[in-house]
1. Under a crude label model (7 Å from the Cα following the beta-carbon direction), how far is GLU326 from SER242 in nanometres?
2. Normalising by the residue count of segment 177-280, find the relative contact order in percent from Cα pairs under 8 Å and 6+ residues apart.
3. If you stretched the chain out fully between ARG84 and ALA21, how much longer would it get, using 0.36 nm times the residue separation minus the C-alpha to C-alpha distance?
4. Looking only at PHE115, PHE262, PHE103, which one moves most when the chain is put into a Gaussian network model with springs between Cα atoms under 10 Å?
5. Compute the relative contact order of the chain as a whole-number percentage, counting only Cα pairs closer than 8 Å that sit 6 or more residues apart in sequence.
6. Percent of accessible area on segment 1-160 owned by carbon and sulfur, 1.4 Å probe?
7. Please list MET310, MET147, MET259 in order of solvent-accessible area, largest first, computed with a 1.4 Å probe with all protein chains present.
8. At 10 °C and 1.306 mPa s, grab the translational diffusion coefficient of segment 204-260 from Stokes-Einstein with a Kirkwood Rh over Cα pairs, rounded to a whole number in µm² per second.
Amino acid sequence: MIFGKAGFGGAVADFEAAVAAQDTKRSGKAFVRLQETFGQARESELLDGGPRLAALLEQVPPSPRAVVAVLVGACVERGADAERCAPGVLAGLRWALEQAVEFADAWAATGGGAFPAPDGGEPGPELVERVGFEAAVGWWTLPQWEMAAVAMLNHSGVRREAGSRGDALRLLGAVERASGLELKSLAHALLVLDDEPLVALHRTSGTGYLLRISGIGDNFQLHTLLADALIGGGHVEGHAPSSQEVAVCRETPGQVDTMGSFDLVAPDGELIWNEGTPADIPVVDGVRLLVLDEPSYRRTWPAGRFFPGMRGDALLERALGQEETERWYAHVSPAKNAAG
């Protein structure tokens, strides 16, 4: 066999041809070359190669499929079109989650015990014999599918078009309940809200505000951006984050130490933890409703983005009038004592 052009672009072309011909030996060699040449790939090869590899995923055998998906994700991180690459990767993620559910069921049905930690490698023959080949591969490659999917979901255009996010969350929940396996990055990425209206009620001042949030990976990030919009914007009193703290929560790389400005509270008085996501904020009359209380204790953390490749923001649209604010406060219970 004589390979075509050298480099990553040549490896992509050879892999395409081998997969189309169902030539196992040739595709195996091209698969190795994809991995060997990626690090030296030119920008043009990455922009072209990412979508081409993504289009092949359904035809790639289960074992190497997740590695190819990771390569697609790496191409996207270096500039390839995420919206063209995402359908193949997210379809592969769904397959892996479905197989992981099958794995958990088969594991329980064949004696149970501690689940093996998926490490992205090859499942051993004993595991395959116990649960079946595709179920074993689906389980074993979950970390790789998580990595590839998050690379897609970093992009707002993908999140807008990813109608299957609800299905993926359902399957992920089934895997977690059955096995105890937590894929936190994937769960948070699937829960990210975009162009989402949020009413924030500042209890101390009795004022209310309508904001719109997008691309926020966790409530630590939300906390800092809310403090900037409301305290930094001069609307309420309290500890305002610095411009550097805010910048790293929007799109600047890195982390900067910050301090909490509020307790984030649900309308029923329960705390909403910084470790959670904005999707934890309850919806009331079609809008997420959040109460901002004075901080019950001093808490610090490194401000930044849960997803370094995702731009986030919380934009203040307007302060609510007194009558409108009172209508929202009618849904709010007194704050409960914070614990922990």
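1. Rounded to a tenth, the inter-label distance reads 4.3 nm.
2. On the way: 123 pairs, mean separation 27.6, N = 104.
Relative contact order, segment 177-280: 27 percent.
3. Values: separation 63, 0.36 × 63 = 22.68 nm, distance 2.37 nm.
Separation in residues times 0.36 nm, less the Cα-Cα distance, equals 20.3 nm.
4. Looking only at PHE115, PHE262, PHE103, the largest GNM fluctuation is found for PHE115.
5. Working: 596 pairs, mean separation 47.4, N = 340.
Relative contact order of the chain: 14 percent.
6. Working: 3850 of 7330 Å².
Ligands and nucleic acids excluded, carbon and sulfur reach 52 percent.
7. Working: MET310 0, MET147 110, MET259 55 Å².
I get MET147, MET259, MET310, largest accessible area first.
8. Working: Rh = 11.9 Å.
Using the Kirkwood radius from Cα pairs, D works out to 134 µm²/s.
The values are calculated or read from the model by the stated rules, or taken from the named source; none is laboratory data. Please read all numbers here as calculations on a predicted model, not as lab measurements. Cβ coordinates were reconstructed from backbone atoms using ideal geometry, including for glycine residues, and neighbour counts include every protein chain displayed. Protein only, heavy atoms only, side chains kept; ligands, DNA and RNA dropped before computing areas. Shrake-Rupley method; radii C 1.70, N 1.55, O 1.52, S 1.80 Å.
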